[in-house]
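The next block holds one structure in the form of structure tokens; read it before the comments.
The values are calculated or read from the model by the stated rules, or taken from the named source; none is laboratory data. As the structure is a prediction and not an experimental result, all values here were calculated from the model. Quick reminder, even Gly has a Cβ in these numbers, built from the backbone with ideal geometry, and neighbours come from all protein chains shown. Accessible surface is based on the protein model in full, side chains and every heavy atom, while ligands, DNA and RNA are left aside. Shrake-Rupley method; radii C 1.70, N 1.55, O 1.52, S 1.80 Å.
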Amino acid sequence: MYPWTDKNVPDQRGRTALVTGATSGLGLRVAEVLAHRGARVLISSRNAERGAAALQRVGDAASDAPPQIIDLDLGDLDSVHLAAEAVRMYSDDRLDLIINNAGIMAPPLGFSPNGLELQWATNVIGPAALTRLLLPAIVDVPRSRIVTVSSLAHFGGAFTAARLDGDVLGEDYHRFAVYARTKMADLLLSRELERYLRRSGAETASLAAHPGLTGTNIAASVVADQPESVQRAVTAAYALLTQPVERGALPLLYAATALHARAAQYIGPRWLFETRGLPAAAARHPAARSNMMGGVLQRMVTELTGIGLPATPTLR
């Protein structure tokens, strides 16, 4: 894999991309680059003020079609359904890219409106449900891709089916352990999605990526229950230890657009144990290749959301 930067992103004119969590950090950077290369970018946001600011920034970067805001709270299944309808309407039912970037990291114990532990609801169940609802708009689009964002933390996230049952209900909650398991689940579901797409003869490829250690605001959720002085100190320390967002977004952009990227690949930074650097093939824990746990997760998503994978996608 040759040195690859955002200057290598191919022309995206005529393509439509949905980027979740695009009001800051990695998602915002990815949205800006795609818009600059000509894509029409749909930006998901759960906060009107932050959404408006992101829309302005991505609009300023756009070289062709203007961006569009999509209201979306991934932790709320009603919001997921409404967002999927909006995406299909604004995209004329044709998507080229879905980048499942939005997520939260290790907040205090909380629950979604549907009664699910918040990290599982936001990082795993919501994105999987959204992707399933959008499959009819993407499965037969040439060179289309679905990118799932995981994390180095997945190496600490192996789990069993029994552990999963308690996790989604918030039992025996340990915030960082749960975060790691959600990132392992994201890798497993990305792999299962690719297997499903190949069986179905779909045009779409499923890939995964991680940003290494990147200075985004995701760490803020870790200290959200701490005094403001602690929040400022942690945020400053995190910034010193991490690479810039512009560099951390490159694995996501590579997975989404690079001509040489292949289905089922996992892309991350290449240097210092995948913590920073230009994109390269990333390592994954052996548990992230488990067909059994992938199947368990697929069934769990179906049971909790009522949204199943069709036997074969509807190809136009």
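In summary, the convex hull built on the alpha carbon positions of the stretch 145-213 has an orientation-averaged projected area of 5.3 nm².
Once the other residues with Cβ under 14 Å from the Cβ of Ser24 are scored (Lys, Arg +1; Asp, Glu -1), what is the net sum?
Working: positive: Arg29, Arg46, Arg50, Arg57; negative: Glu32, Glu49, Glu246.
Taking every other residue near Ser24 into account, the sum is +1.
Extension gain, Ala48 to Ala158: 0.36 nm times the residue separation minus the Cα-Cα distance gives 36.0 nm. Counting only protein heavy atoms and using a 1.4 Å probe, the accessible area of Val168 comes to about 10 Å². What list of whole percents do you get for P(r) of the chain, with Cα-Cα distances grouped in 20 Å bins up to the one holding the largest distance? Reading upward from the zero bin: 35, 61, 3. Taking the chain as a Gaussian network of alpha-carbon nodes connected by springs under 10 Å, the highest mean-square fluctuation of the residues Leu152, Leu188, Leu241 belongs to Leu241. Excluding ligands, DNA and RNA, the accessible surface per residue across the chain is 42 Å² with a 1.4 Å probe.
Beta bridges assigned by DSSP with both partners in the chain are antiparallel in approximately 20 percent of cases. Each Lys or Arg adds one and each Asp or Glu takes one away; over the other residues whose Cβ falls under 11 Å from the Cβ of Thr214, this sums to +2. Pairs of Cα atoms nearer than 8 Å and 6+ residues apart set the relative contact order; for the chain it is 19 percent. Ordering of 255-261, 64-70 by packing is 255-261, 64-70, highest average first (other Cβ atoms within 10 Å, averaged per residue).
Among the trypsin sites (Lys or Arg not before Pro) within the stretch 2-70, those in coil by DSSP and having at most 15 neighbouring Cβ atoms inside 10 Å are Arg13. Taking label positions 7 Å along the Cα-Cβ direction at both Gln56 and Ala264, the computed distance is 4.6 nm, reported to one decimal.
When shorter helices are ignored and each DSSP H run of at least 4 residues is given -39500 (n - 2.57), the per-residue value for the chain at 222 nm works out to -12500 deg cm²/dmol.
Toward the positive end of the charge dipole of the stretch 113-206, with +1 on the Cβ of Lys and Arg and -1 on the Cβ of Asp and Glu, the farthest Cα among Leu193, Gln119, Leu169 is that of Leu193. Spatial offset of the stretch 56-87 relative to the stretch 257-301 amounts to 26 Å, using the alpha carbon center of each.
Would you work out what percent of the accessible area of the stretch 69-125, with all protein chains in place, is carbon or sulfur (probe 1.4 Å)?
On the way: 1070 of 2040 Å².
Whole-percent figure for carbon plus sulfur exposure: 52.
Solvent-free Debye calculation, one equal scatterer per alpha-carbon of the stretch 1-72: log10 I(q)/I(0) at 0.23 Å⁻¹ equals -0.89.
Against the empirical 2.2 N^0.38 Å (N residues), the stretch 30-124 has a Cα radius of gyration ratio of 1.15.
Mind pulling up the Rg/Rh value for the stretch 69-198? Radius of gyration and Kirkwood radius, both on Cα. Working shown, then result.
On the way: Rg = 14.9 Å, Rh = 15.2 Å.
Result for the stretch 69-198 is an Rg/Rh of 0.98.
From largest accessible area down, sort Tyr173, Tyr2, Tyr196; use a 1.4 Å probe on the protein chains. Don't jump to the answer; show the numbers that get you there.
Values: Tyr173 45, Tyr2 110, Tyr196 10 Å².
Final ranking, largest accessible area leading: Tyr2, Tyr173, Tyr196.
In order along the stretch 157-164, the Karplus-derived 3J(HN,Hα) couplings, from 6.51 cos²θ - 1.76 cosθ + 1.60 at θ = phi - 60°, round to x, 4, 8, 10, 4, 5, 5, 4 Hz, and Gly and Pro are given as x.
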